[in-house]
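Read through the structure below, which is laid out as structure tokens, and then see the notes.
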Amino acid sequence: MGRVSRSPLSQRGQVEPFHVMELLKAANQRARTHGDVITMCAGQPSTPAPVAVRQAAARELSGDAPHGYTDAMGVAALRETIAAHYLSAYGIDVDPASVAITPGSSGAFTAIFLAAFDPGDVVLMTRPGYPAYRNTLQALGVRVVELDCGPEQRFQPTVEMLAEWTAQAGAPPAGLIVASPANPTGTLITDAELAAIATWCEENGVLLVSDEIYHGITFTEPASSAWQTSRSGVLVGSLSKYYSMTGWRIGWAVLPTPLVRTVELLLGNLHICAPALGQVAAVEAFGPEAKLELDGHVARYRVNRDHVLARLPELGVRTWAPADGAFYAYADISHLTRDSTAWCREVLDETGVAITPGVDFAPHRPGVDSPLDGSRWFRLSVAGATADVDEAMTRLATFVARTAP
Ligand SMILES: Cc1ncc(COP(=O)(O)O)c(C=O)c1O
């Protein structure tokens, strides 16, 4: 019998790279040989977990607890703490049984997408938007439709856009993902608009996945939660951003009743559980001592955001996202390049400043001439020390003055 030749790779596994990870790798490589790297590409705090969390982890480790597998949905104490957090922060009564603890919010997204969407289903998200939604959904065979959300919409979707899309398609999508504050833009969906979106989704049988992982990092008003309007959607949270515990890999989902059991079974099979030590220690992240410390970080992000937005004109930038929260600045650099990947690489090589090309968030589409094309934008994270953020802006301004076309 002849050899059967089959590619060892699946088609659905051929996802876009997460460009920020490539940049981070290059920045880490440079850091080993040069002493000048300022990393502004990664979407993570530059600070450790709150002291109370680290103390709790140290106490745990000095005892005899085995830290073996936990329940697939997580340890009861953390699920209860998170449920209580929804009551105090948003006035929402959440049953701990509907809270699933996951390996980062990334673990929640995979389980939710698998539980709720079949291959061929349509899910809407924004362009620009967080790339892992698109790439994970596509790997699962789900059709992702990106809605152009530019400066006029403050980079966020509206009910009118959803209704218009549905009228044109002839049927509503299976799902909609929103993030407020968003990555890469940091913009918020207003309370009224989020309420209108949640109501529209419930009325049209659309699963709303509300990514609320940047809650706590807002500079104007606190972000509202989709469950303040409708409990038919899913809320996603994480310890990675406000709570400064990115590498601990703990996130969560708050699930509508019909999804709970399916998500539990999927989580048990996909991950068994989220890291046990972190789950136990994470309870302290919601205490008053941690809050004081974490709110201090938010105050610094705000100062850094103000510095960066005020200095963007030094790069000749005229258009940027008016970040209400998160820790990013997303800016139009179309006067400097139409290839943000090459430009960001050059910036790293020439200045030691690592920033992220916009193509992560709005991939270049050959033949489509869009002002939102990510090849014309870049994102920088303002989560570092204020002195580093200022130094990075000075280096960028010098680089642009030397190289601008
Ligand atoms: C909008 C958004 N959602 C989800 C994630 C995933 O975060 P994690 O898995 O660390 O909770 C990120 C990470 O940057 C993000 O920006």
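Brief remarks on what is shown
- Counting Lys and Arg as +1 and Asp and Glu as -1 over every other residue whose Cβ lies under 15 Å from the Cβ of ALA342, the net charge comes to -4.
- Working note: Karplus 6.51/-1.76/1.60 with θ = phi - 60° gives the range 200-212 the couplings 4, 4, 4, 5, 9, x, 9, 6, 8, 9, 9, 7, 10 Hz, where Gly and Pro are set to x.
- Charge sum, other residues only, whose C-beta stays under 9 Å from ALA223's C-beta, Lys/Arg counted +1 and Asp/Glu -1: -4
- For THR166, net neighbour charge (Lys/Arg +1, Asp/Glu -1) across residues whose Cβ lies under 13 Å away: -3
- Label-to-label distance, SER46 versus ALA163, with points set 7 angstrom from Cα along the beta-carbon direction: 4.6 nm.
- FRET efficiency for the GLN228 to GLN29 pair, using the beta carbon distance and R₀ = 30 Å, is estimated at 0.10.
- Extension gain (nm, one decimal) between ARG54 and ALA192, 0.36 nm per residue minus Cα-Cα: 45.8 nm
- Sequentially through the range 49-58, phi angles give Karplus couplings (6.51, -1.76, 1.60; θ = phi - 60°) of 4, x, 3, 4, 5, 5, 5, 5, 5, 5 Hz, Gly and Pro residues having no value and appearing as x.
- Per-pair calculated FRET efficiency, R0 = 51 Å: ALA299 and SER7 via Cβ, rounded to 0.05: 0.45
- Computed [θ] at 222 nm, helices only, for the chain once each DSSP H run of length n ≥ 4 contributes -39500 (n - 2.57): -13000 deg cm²/dmol
- Under 5 Å, built H, 5+ apart or other chain: amide partners of LEU124: VAL145, GLY175, LEU176, ILE177
Each value in this text was obtained by applying a stated rule to the coordinates, not by laboratory testing. Keep in mind it's a predicted model, so treat the numbers as computed, not measured. We place every Cβ from the backbone using ideal geometry, glycine too, and count neighbours over all the protein chains shown.
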